[in-house]
Amino acid sequence: MVSAPSGAGKTTLLRALIARRPNLVFSVSWTTRAPRTGEHDGRDYHFVKAERFEAMRAAGEFLESATVFGHGYGTRAADVEELRTAGRDVVLEIDWQGARSVRRKEPEAVSVFILPPSRDILRERLADRGTDSEAVISRRMAAAANEIRHWNEYDYVVVNLDFARALQELEAVFEGRGENADRERAGLADFAATLLAAS
Ligand code: 5GP
């Protein structure tokens, strides 16, 4: 499973990874949020009404679920099972809360956290439309910080400083030859602190 704050370049990296490793596949999550322009039901998410989502949750259909930005998000256990039965390596793109639940239920699941290269670049990416107000950007930065705070719960950490290198590191993790972050935790802690520092 892979987590990252938005602005870390996670989606681009994962798409590139999947293009190189066709056996990897995303489990399509279920959400109560509305589709954004260009998103398709069944491809980007299964978009469902809150009532349906709650019914699924109550019926125990989710491997994990969480509320993110006020909306329900969840991974349906049967979706993952089906892909696994077909012999695929399943990637979950979920937030830190979901990652915690999966870790509890499936301790052998490998988790990766992707960090943005710097606070300035994170800020630039979160403001990339150029028309956002300072208040909107600050809110996005706070949400990113909320996710970044949990980097140390993950087996592997990839800093997306250089795209090609980050992709290689991610590929190594999925091939089971990733460099465990343990040796670098101290350095990463300093780095994460710079990302989290108040502006
Ligand atoms: P977005 O709405 O921008 O696509 O995603 C918002 C956040 O929800 C991201 O942090 C993403 O990783 C997380 N997310 C997406 N799907 C799931 C899911 O199935 N479970 C959990 N726990 N988080 C998810």
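Only one of these is more than 13 Å from the ligand (Cβ to nearest atom) and within 19 Å of L24 (Cα to Cα): E153, E81. Name it.
Just a single option satisfies the conditions, and that option is E81.
Quick check on my filter: what residues within the range 10-25 are in contact with a helix residue (DSSP H, G or I) (Cβ under 7 Å, 6 or more places away or on another chain) and not aliphatic (A, V, I, L, M)?
Residues satisfying the conditions are R20, R21.
Checking R88 against (1) touching a Gly at 6+ places or on another chain (Cβ under 9 Å); (2) surrounded by 13 or more Cβ atoms within 10 Å (Cβ to Cβ): exactly one of these is not met. Which one?
(1)
For every residue, the table says whether it meets (1) under 27 Å from E171 (Cα atoms); (2) without any contact (Cβ under 8 Å) to a residue 12 or more places away in the chain.
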| position | (1), (2) |
| --- | --- |
| K49 | no, no |
| L63 | yes, no |
| L83 | yes, no |
| A86 | yes, yes |
| V91 | yes, no |
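So, A172, is that one of a type in the set (A, V, I, L, M, F, W, C), open to solvent by less than 60 Å² (accessible area, probe 1.4 Å) and in contact (Cβ under 8 Å) with a residue 40 or more places away in the chain or not?
Answer is no for this residue.
State which residue is farthest from the ligand (Cβ to nearest atom) when the search covers only the range 93-117 and only residues that are in contact (Cβ under 8 Å) with a residue 40 or more places away in the chain, in a helix (DSSP H, G or I) and open to solvent by less than 70 Å² (accessible area, probe 1.4 Å).
R103
I'd like the full set of residues that are more than 10 Å from the ligand (Cβ to nearest atom) and farther than 24 Å from A143 by Cα, limited to the range 55-78.
A55, M56, R57, A58, A59, G60, E61, A77, A78
So which residues in the range 122-143 are open to solvent by less than 60 Å² (accessible area, probe 1.4 Å) and either under 17 Å from D162 (Cβ atoms) or touching a His at 6+ places or on another chain (Cβ under 8 Å) (or both), if there are any at all?
L122
The values are calculated or read from the model by the stated rules, or taken from the named source; none is laboratory data. The structure displayed is predicted, hence computed values, not measured ones. No Cβ is skipped: glycine too gets one built from the backbone with ideal geometry, and neighbour counts run over all protein chains shown. Keep in mind that these areas ignore ligands, DNA and RNA; they rest on the heavy atoms of the full protein, side chains included. Shrake-Rupley method; radii C 1.70, N 1.55, O 1.52, S 1.80 Å.
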